[in-house]
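J.: First the structure, which I've put down as structure tokens, then a few questions once you've had a look.
The values are calculated or read from the model by the stated rules, or taken from the named source; none is laboratory data. Just so it is clear, the model here is predicted, and its values are computed rather than measured. Cβ: placed from backbone, ideal geometry, glycine included. Neighbour counts: every protein chain shown.
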Amino acid sequence: MTINELIQIKEKTFSKTDMVIAESVRRFTNAFAYQQISDILKICPVSQSAITRFAKKLGFSGFQEFQYALQNDLKTGEKEEKELTSAEIYGGYIKTVEDYLSEEKIAMLAEKLRNARNVYLLGESTSSYPAQYLRFIMRLNGKNTYLLTQAEFFEFRSLLDKEDVLIDFSSSHATAESIIKSIKENRKDRTPWLALITMSAKHPLRKYFDLVIDLPANRNAKEAGLIISEVYGYFMFLDKLSEALDIKDA
């Protein structure tokens with residue numbers, strides 16, 4: 001019996017909280033199947049203990065067993081359906097990112113960017129693509145914006161001020177560790193406002209940032225061998241950020 005079938009059978013016994021979780025499972029099935037519970041709580045406004053109780057109500061020993069069963073449901077469904085095309089994988093991922101994003105956090109970042117004296121951007125490897133695009137749309141709208149390599153940063157470091165904004169696009173690794181630590185440790189009186197855009201709930205530098213915006217990983221794309229999947233998540237985020245900034249010509 002599938003998870004959806006179990007939910008339908010047990011639905012009459014659900015509390016209001018259970019109904020919220022059930023609806024979230026239907027809407028964000030991939031997230032519930034593959035994301036860590038800390039990430040799931042960002043898209044399902046309940047407590048971790050509530051999700052555990054929900055899993056037990058369906059007959060599982062806990063969330064881990066529930067998640068394993070949901071993964072099996074998805075794999076079984078994939079075998080019964082045609083293989084997804086690259087366009088379908090990316091399209092589904094973009095929709096997941098859109099649902100996953102926090103409008104409150106995007107609005108906060110947009111406000112900081114509007115009021116910033118200068119904007120500094122960091123991004124290595126594929127994470128440099130969204131950084132380049134954000135530089136383009138910010139400059140298009142008259143904002144001083146700079147995309148820095150690690151070497152260039154240390155040339156600009158003396159110019160940083162508390163009225164500036166620095167954004168690090170970092171999928172999972174702490175590539176800018178020396179930069180961020182240098183800012184926090186050596187420029188305490190003139191520290192710019194720091195934002196991290198990442199796909200890692202365990203990014204080692206999270207604690208140094210004033211704002212962290214999490215994006216979900218595209219597991220389907222990784223399984224299919226599509227190597228630039230993360231870029232699509234970043235650009236969906238930038239589309240929402242452009243809307244918050246009221247940028248229409250980017």
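J.: Could you tell me which of the residues R117, R139 is in the same structural domain as D214 (by TED's automatic domain parsing), surrounded by fewer than 17 Cβ atoms within 10 Å (Cβ to Cβ) and not in a helix (DSSP H, G or I)?
T.: On the way: R139 fails: not in a helix (DSSP H, G or I).
On inspection, the qualifying residue turns out to be R117.
J.: Looking only at segment 6-58, which residues are small (G, A, S), more than 21 Å from the chain's Cα centre (by Cα) and farther than 21 Å from T76 by Cα?
T.: Selection gives S15, S49, A50.
J.: Would you confirm, using the coordinates I've provided, whether T96 is more than 20 Å from D214 (Cβ to Cβ), of a type in the set (S, T, Y) and either in a helix (DSSP H, G or I) or within 17 Å of the chain's Cα centre (by Cα) (or both)? Quick ask: steps written out before the conclusion?
T.: Working: more than 20 Å from D214 (Cβ to Cβ): no; of a type in the set (S, T, Y): yes; either in a helix (DSSP H, G or I) or within 17 Å of the chain's Cα centre (by Cα) (or both): yes.
It is false that T96 is more than 20 Å from D214 (Cβ to Cβ), of a type in the set (S, T, Y) and either in a helix (DSSP H, G or I) or within 17 Å of the chain's Cα centre (by Cα) (or both).
J.: Just the residues that are surrounded by fewer than 19 Cβ atoms within 10 Å (Cβ to Cβ), assigned to a loop (DSSP other than H, G, I, E, B) and either in contact (Cβ under 8 Å) with a residue 40 or more places away in the chain or not polar (S, T, N, Q) (or both), please, taken from segment 191-208.
T.: Residues satisfying the conditions are A201, K202, P204.
J.: Still on this model: Given the conditions (1) out of contact with any Pro (no Cβ under 8 Å at 6 or more places or on another chain); (2) under 30 Å from C44 (Cα atoms); (3) β-branched (V, I, T), report the number of the one that T175 does not fulfil.
T.: Single failed check for T175: (2).
J.: Right, another one. Answer yes or no: is there a residue in segment 147-159 that is more than 19 Å from E185 (Cα to Cα) and at pLDDT 85 or above. Break it down stepwise before answering.
T.: Going residue by residue through segment 147-159, those that are more than 19 Å from E185 (Cα to Cα) are 147-149.
When the remaining residues are screened for being at pLDDT 85 or above, the result is 147-148.
Within segment 147-159 (the criterion being more than 19 Å from E185 (Cα to Cα) and at pLDDT 85 or above), the answer is yes, since at least one residue qualifies.
J.: To continue, here is another question. Restricting to segment 128-170, what's the tally of residues that are of a type in the set (S, T, Y), touching a strand residue (DSSP E or B) at 6+ places or on another chain (Cβ under 8 Å) and over 21 Å from A110 (Cβ atoms)? Walk me through how you get there before you give the answer.
T.: Just the residues of segment 128-170 that are of a type in the set (S, T, Y), to begin with: 128-129, 133, 145-146, 149, 158, 170.
Subsequent filtering for residues that are touching a strand residue (DSSP E or B) at 6+ places or on another chain (Cβ under 8 Å) retains 128-129, 145-146, 170.
Checking the rest, the ones that are also over 21 Å from A110 (Cβ atoms) come to 128.
Result for segment 128-170: 1.
J.: Do we have any residue at all in segment 157-173 that's surrounded by 13 or more Cβ atoms within 10 Å (Cβ to Cβ), closer than 20 Å to E243 by Cα and of a type in the set (V, I, T)?
T.: Scanning segment 157-173, I find at least one residue that is surrounded by 13 or more Cβ atoms within 10 Å (Cβ to Cβ), closer than 20 Å to E243 by Cα and of a type in the set (V, I, T), so the answer is yes.
J.: While we're looking at this one, here's another question. With the requirement that a residue be surrounded by 23 or more Cβ atoms within 10 Å (Cβ to Cβ) and either among the basic types (K, R) or not in a helix (DSSP H, G or I) (or both), what does segment 123-135 give you?
T.: Residue satisfying the conditions is G123 alone.
J.: In segment 1-58, what residues are without any contact (Cβ under 8 Å) to a residue 60 or more places away in the chain, surrounded by 15 or more Cβ atoms within 10 Å (Cβ to Cβ) and not in a helix (DSSP H, G or I)?
T.: F14, L41, I43, C44, V46, L58
J.: So E152 passes all but one of these: (1) of a type in the set (D, E); (2) surrounded by 12 or more Cβ atoms within 10 Å (Cβ to Cβ); (3) under 25 Å from S200 (Cα atoms). Which condition number does it fail?
T.: (3)
J.: Which members of segment 135-173 meet the condition of being in contact with a Lys or Arg (Cβ under 7 Å, 6 or more places away or on another chain), under 28 Å from P216 (Cα atoms) and among the aliphatic types (A, V, I, L, M)?
T.: Our first condition is that a residue be in contact with a Lys or Arg (Cβ under 7 Å, 6 or more places away or on another chain); within segment 135-173, this holds for 145, 147, 160-165.
Restricting the remaining residues to those that are under 28 Å from P216 (Cα atoms) gives 145, 147, 164-165.
Scanning segment 135-173 gives L147, V165.
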